[in-house]
Each structure stands twice: as structure tokens, then as C-alpha cells.
Amino acid sequence: MTSVLVINSGSSSFKYQLIEMDAETTLARGLVERIGTDEAHIVHHDVTDSGEEETHEQTRAIRNHTEGFAAMLDFFAEHGPSLTEHPPVAVGHRVVHGGARFFEPTVVTNLVKINIQDLSELAPLHNPANVEGITAAQESFPDVPHVVVFDTAFHQTLPPKAYTYALDAATAERYRVRKYGFHGTSHKFVSEEAARFLERDVADLNQIVLHLGNGASMTAVRGGKSVETSMGLTPLEGLVMGTRTGDIDPAVAFHLHRRADMGVAELDDLFNKKSGIYGLSGHRDMRDLTESANRGDTASRNALDVYVHRLKQYLGGYFFQLGHVDTVIFTAGIGENSAEVRAETLDGLQNYGIELDAARNERRGDGIRVISTDESSVTVLVVPTNEELEIARQTLSVI
Ligand code: ADP
């Protein structure tokens, strides 16, 4: 049996998952958070042979990521699964920003870490935390290769006409300003899973993927390659999100700077953390928003309308960019679970060959499922995403 450990680290937390790669099943997963405090918390789920999850947790002082990994190893030793019986052959790390430098999974060397650190100017909150996690994990697992998988990598196939902003070219080049795109691991995973499910070669399909979680992005995938995507230099661009504006006239920032004396930090916070459906309605969770909208709350109804209006706008744009569309795929928390958002987004698109089957759309299920009618020329699917599994697959592919 071959196992891969997948790590997703933030500045004060990391998530982990041990995956057995022959059957692609999760053996254990967990989260260490509030690192750097006396009240750090570790929660560890080990999956028993019958598929049940046993949960173990503890609050204790954890000063840094290295101590966090030591705590994780304690939990594996005490509660299982045994890392002696399931030794990871590699550790796969999620890294947010690979800039224009990284377009495939890469084995970690000191030079690779320096390059990831160097890209921190493009992802100041994420890349330094990712490097810290890699270094700490290398101390805990010194004898196996560590591999980095970038959120941006899948979008490195965007053509220049799609990734270039119409900004002064010299300025853009000097400061590496262009569209990079994010959620790439998820867009790649679900577009390939959909092809497998439909028993089609991904190279023959034109697909539009809607990854709708707290962060949200849409990607046009031609023949398995990303050719257009909604997030940009940062994950702020594009769709309306839980707390992010998505597209907004950049002059709003100039205006608020002049009129409300807002500085860069305040605008960053406003656009990234206080806007989106939360800023419009007070609800950042789609379940709460739809419930409130359905109770007749005007602000919530408006927020949902704005959210769906933007989705339609992008969907239409990507249709025209692709020319012909085989599948539309919904994934992530909202995409997989909100029949209402799916129905409103695809409402009235019969003339474009998209016809949702109301009963199929409402039916809940765990796996991949078709929610369009048999007559619909575009196949609409719900495909559960699994970024950890994709990171593990890519990790294994390079070692
Ligand atoms: P993240 O981007 O943090 O990984 P997720 O992919 O977990 O986010 O998605 C979180 C979103 O999914 C939240 O807005 C949540 O309300 C929404 N969601 C989860 N379950 C449901 C559900 N049953 N119905 C509607 N929305 C849901």
C-alpha cells in the first residue's frame, strides 16, 4: 500500500490528510489551529476499516508549526493509523501562488522554497505561511520527498490574451501584474473526474467549471486545459463571494480614498473581508442567505440576485469564448449543495442548450451526478471536489 500525506498550511494553522493511494481512500485527517498560542487546538479523525470516523481532540500550547507537526505525530501514534504501518512515501503541500514560474507539481529543494518565498509579494498572507509549513514538515518527515502543488498551476495554460490586463505594459511587467487564477487544483480535478464519469476523453471536451465555496471562481476548460478563469492577480477578482466583492470598478478604491480617506489596508479589508454576500446582507453562509431571502428579507434577496447575476454574466462570457460547451460543472460547498443557486443560475437558458432537470437537481447525493435533462445538449453535472486527493495524485506523479 502506498500512502501520501497532504498538508495545507496557513499562518496559524494547518490541515493534514493521509491518503492511501491504491484505493484513494482517506486514512486520517485533521486540523491544528491557533498555533502560536497556549490554547492551540488539534482535532484528528482516524478512519476505521469499516469507514467510520473516530474523532480525538486536545487543546494545548503549540508555539510554532514544528511543534504542531510533533503534536500531529503524537496523535497518529496514540490514536492511529500507525505511520509505521502506513508510512507516507511523500508529503504533498498546497501552495497558493506559483506566479508564472511554477506550472506543474515540483519536488521541494532549497531553491524551490526561495522561489516560493520570492513570490510572497503576490500572496503576502499565504506563501510565507506555506513555506513555514513545508520547513516544519521536512523536520518531521526528513526521509521522504516533499512536493509542492500550486493553486495557480492549472491556469498557466491561459493564453496571453486571457491573462493580460490592459494596463501600461512596462508597469505590468515590472510588478508581475497579470491574471494568474486560483482554485486550479479543484478545477483540474473536477473537469477530469467529469470526463471519466462520462467515459469521454478530457481532451475532447469543452467544459465550464463553477467552483462555488466561500471563495468562488469559474474556469473555461478546453481539452483539459484552462483557457479563461475569473480570479486574477489575487483571488479578489471575478465572482461575488462570501466576503469578497469580486469584480468592481477599480476607481471605487480611488473614490473611497479621496472621499472617505481610506488607506490601502482599510480598502483591502473592505473589499476582501467585509463585502460580497456578507457585505450586502450580513450573511456570509449561503445556507443562511437563502433561508433569509426565502423568508422575504429584501437585502438577502438582493444579495442572492447579485450573486446569481454575476454567475450568469461569466457563464455567458465563457460560452462565447469556448464557442461550444459540452459540460457545465458545479462544485465546492455551494455548487455541490445549493440546488437553489444552481437552478437560479441556469434558469431560462434552454435556448442555449442548457436544460436543468428539476427533480435531479433537488436530489441529494454524495457522488458525481447529472442534473440536466436527457434532452439538454449541455450536460450539467455536480462533481464533488477533492483538492487533497488531487494534491496526493500530483505528488505521486512526480516522485
Ligand atoms: P471553502 O471555500 O471555505 O472551502 P466550502 O467549499 O466549504 O468553502 O463552501 C462553503 C460554502 O458552502 C458556504 O457558503 C456554505 O453556506 C455553503 N454550503 C454548505 N452546505 C450547503 C448547503 N447544504 N446548502 C447551501 N449552501 C451550502
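Going residue by residue through the stretch 281-303, is there one that turns out to be surrounded by fewer than 22 Cβ atoms within 10 Å (Cβ to Cβ), in contact with an Asp or Glu (Cβ under 8 Å, 6 or more places away or on another chain) and in a loop (DSSP other than H, G, I, E, B)?
Looking for residues that are surrounded by fewer than 22 Cβ atoms within 10 Å (Cβ to Cβ), in contact with an Asp or Glu (Cβ under 8 Å, 6 or more places away or on another chain) and in a loop (DSSP other than H, G, I, E, B), one finds none in the stretch 281-303, hence no.
Can you pull out every residue in the stretch 137-166 that is over 27 Å from Val221 (Cα atoms) and crowded, with 22+ Cβ neighbours inside 10 Å? Explain how you work it out, then say what you get.
Step one: list which residues in the stretch 137-166 are over 27 Å from Val221 (Cα atoms), which gives 137-146.
The answer is Ala137, His146.
So, of the residues in the stretch 360-399 that are β-branched (Val, Ile, Thr) and within 19 Å of the chain's Cα centre (by Cα), which turns out to be nearest to Gly333 (Cα to Cα)?
Just the residues of the stretch 360-399 that are β-branched (Val, Ile, Thr), to begin with: 368, 370-371, 373, 378-380, 382-383, 385, 391, 395, 398-399.
Next cut, within 19 Å of the chain's Cα centre (by Cα) only: 368, 382-383, 385, 391, 395.
Details: Ile368: 14, Val382: 11, Val383: 11, Thr385: 9, Ile391: 19, Thr395: 25 Å.
Here the answer is Thr385.
List every residue pair whose Cβ atoms sit under 8 Å apart, with the two residues 6 or more apart in sequence or on different chains, where the first one lies in the stretch 193-214 and is of a type in the set (Asp, Glu) and the second, anywhere, is more than 16 Å from the ligand (Cβ to nearest atom) and open to solvent by 30 Å² or more (accessible area, probe 1.4 Å).
Taking only residues 6 or more apart or on different chains, the pairs are Glu193/Ile368.
Inspect all residues belonging to the stretch 338-361 and state whether any of them is within 14 Å of the ligand (Cβ to nearest atom), under 29 Å from Ala153 (Cα atoms), in contact (Cβ under 8 Å) with a residue 40 or more places away in the chain and aliphatic (A, V, I, L, M).
In the first step, residues of the stretch 338-361 are kept if they are within 14 Å of the ligand (Cβ to nearest atom); the result is 338-345, 361.
Next, only the ones that are under 29 Å from Ala153 (Cα atoms) stay: 338, 341-342, 345.
Pick out the ones that are also in contact (Cβ under 8 Å) with a residue 40 or more places away in the chain and you get 338, 341-342, 345.
Applying the additional criterion that residues be aliphatic (A, V, I, L, M) yields 341.
Scanning the stretch 338-361, I find at least one residue that is within 14 Å of the ligand (Cβ to nearest atom), under 29 Å from Ala153 (Cα atoms), in contact (Cβ under 8 Å) with a residue 40 or more places away in the chain and aliphatic (A, V, I, L, M), so the answer is yes.
Cβ-Cβ distance below 9 Å, separation of 6 or more or different chains: which pairs start in the stretch 319-337 with a residue that is within 16 Å of the ligand (Cβ to nearest atom) and open to solvent by 10 Å² or more (accessible area, probe 1.4 Å) and end on one that is part of a loop (DSSP other than H, G, I, E, B) and of a type in the set (A, V, I, L, M, F, W, C)?
Pairs found: Glu336/Val383.
Here's the yes/no breakdown for (1) among the charged types (D, E, K, R); (2) crowded, with 23+ Cβ neighbours inside 10 Å:
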| site | (1), (2) |
| --- | --- |
| Phe189 | no, yes |
| Glu199 | yes, no |
| Asn206 | no, no |
| Leu210 | no, yes |
| Pro235 | no, yes |
| Ala253 | no, no |
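Give me the pairs: first residue in the stretch 264-289 and farther than 18 Å from Arg310 by Cβ and more than 14 Å from the ligand (Cβ to nearest atom), second residue aliphatic (A, V, I, L, M) and assigned to a helix (DSSP H, G or I), beta-carbon distance under 8 Å, and six or more apart or on different chains, which are they?
As it stands, the answer is Leu267/Ala253; Leu267/Leu256; Leu270/Leu256, since those pairs meet every condition given.
If we scan the stretch 390-397, do we find a residue that is among the β-branched types (Val, Ile, Thr) and part of a loop (DSSP other than H, G, I, E, B)? Steps first, answer last, please.
Looking only at the stretch 390-397, we keep the residues that are among the β-branched types (Val, Ile, Thr), and these are 391, 395.
Among the residues that remain, those that are also part of a loop (DSSP other than H, G, I, E, B) are: none.
No, the conditions are met nowhere in the stretch 390-397.
The values are calculated or read from the model by the stated rules, or taken from the named source; none is laboratory data. These numbers come from a predicted model, not from an experiment. Quick reminder, even Gly has a Cβ in these numbers, built from the backbone with ideal geometry, and neighbours come from all protein chains shown. Each accessible area value is taken on the protein alone, full model and side chains, heavy atoms only, with ligands, DNA and RNA left out. Shrake-Rupley method; radii C 1.70, N 1.55, O 1.52, S 1.80 Å.
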